[in-house]
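Colleague: I have a structure here, written as structure tokens, and I will follow up with some questions on it.
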């Protein structure tokens, strides 16, 4: 097994990309590089939440997404156990923040009920984190994470069904499902079936000969999916607050001028590129 700058692999999972193939300093080059957009989308969402005053919950969710991206960079760049923890634990916490927002949409902005939901989810997160460290395995992380993501999907479907602004938010719900859930089914699952954990099964796979690994493409869908979901949740949140939201495109400084969707309350300037989706 190739050993690079960070030394022997201490993580208990090694993804389907040849290690240290492109540089001595990065264990999985493409998986590391493709993690950066997750950080940038998190920063963009945080800036939009701060600029348009979405609320504390959206600031937390955006910051959580940024931390997930940083953890992914460290994990794939080093393949050290410390990097794996920095990747997996924030994913459990960040997904729980998304779930908190999703459940809060059904509370009609009742601060007491939203606080109660936050407390209940904090208990869940602490329990899941404790179980993760006790077992120390990738399987425990996946179990906790999949449960949370499934809850988000169900919660989003219920919210969409009863939403009075269904037409406006439907494209973003479908986008979130297509990018993230679709990415899991089309990219993540086949990689597990055809390549598996290379830290345990040192077998050859046709996926190792791909110019860009499937997991790197999955990281890109994992950037777009959460962004679409946050647009959906933000629109619903501002509508419930009677702030008359509208969806436009904003030139993103974080992603080098790429136009990204943003929700603005009535009276706010929507951004440099005004292209309505409504």
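Taken together, the values in this text are just the output of simple stated rules run on the coordinates, not laboratory data. Given the structure is predicted, the values throughout are model-derived calculations rather than measurements. Ideal geometry is used to build each Cβ from the backbone, glycine not excepted, and the neighbour counts take in all protein chains shown.
Colleague: Quick check on the range 133-202: take the gyration tensor over C-alpha atoms, sort the square-rooted eigenvalues as a ≥ b ≥ c, and tell me if it's rounded (a/c under 1.5), prolate or oblate. Intermediate results must be reported in sequence, preceding the final value.
Modeller: Numbers: a/c = 5.17, a/b = 1.99, b/c = 2.60.
The shape class here is oblate.
Colleague: Mind pulling the angle between the C-alpha long axis of helix 81-104 and the longest principal axis of the chain? Nearest 10 degrees, somewhere in 0 to 90.
Modeller: So the inclination is approximately 20 degrees.
Colleague: Hey, can you rank 60-70, 141-151, 83-93 by average C-beta count inside 10 Å, highest first? Write down the numbers at each step before the final one.
Modeller: On the way: 60-70: 23.0, 141-151: 17.3, 83-93: 20.9.
With the highest mean Cβ count within 10 Å placed first, the list reads 60-70, 83-93, 141-151.
Colleague: I need the peptides 117-123, 13-19 ranked by packing, meaning the mean over residues of other C-beta atoms within 10 angstrom, with the highest value on top.
Modeller: 13-19, 117-123
Colleague: Throw me the Rg/Rh for the range 179-243, computed over C-alpha atoms with Kirkwood Rh, two decimals.
Modeller: Rg divided by Rh gives 1.24.
Colleague: Which angle between 0 and 90 degrees, to the nearest 10, do you get for helix 56-78 versus the longest principal axis of the chain when only C-alpha atoms count?
Modeller: 10 degrees
Colleague: Compute the length gained on full extension between residue 194 and residue 209: take 0.36 nm times their separation in residues and subtract their Cα-Cα distance, giving the result in nm to one decimal.
Modeller: Details: separation 15, 0.36 × 15 = 5.40 nm, distance 1.23 nm.
Full extension from residue 194 to residue 209 adds 4.2 nm.
Colleague: So, one more: Multiply the residue gap between residue 142 and residue 162 by 0.36 nm, knock off their C-alpha separation, and tell me the result in nm, one decimal place. Before the final figure, lay out each step's value.
Modeller: Working: separation 20, 0.36 × 20 = 7.20 nm, distance 3.04 nm.
Net length gain for the segment: 4.2 nm.
Colleague: Using the alpha-carbon atoms, what tilt in degrees (0 to 90, nearest 10) does helix 138-162 show relative to the longest principal axis of the chain?
Modeller: The angle comes out near 20 degrees.
Colleague: Now for a separate question. With springs only between Cα atoms under 10 Å, which of 25, 132, 44 fluctuates most in a Gaussian network model of the chain?
Modeller: Highest fluctuation of the listed residues: 25.
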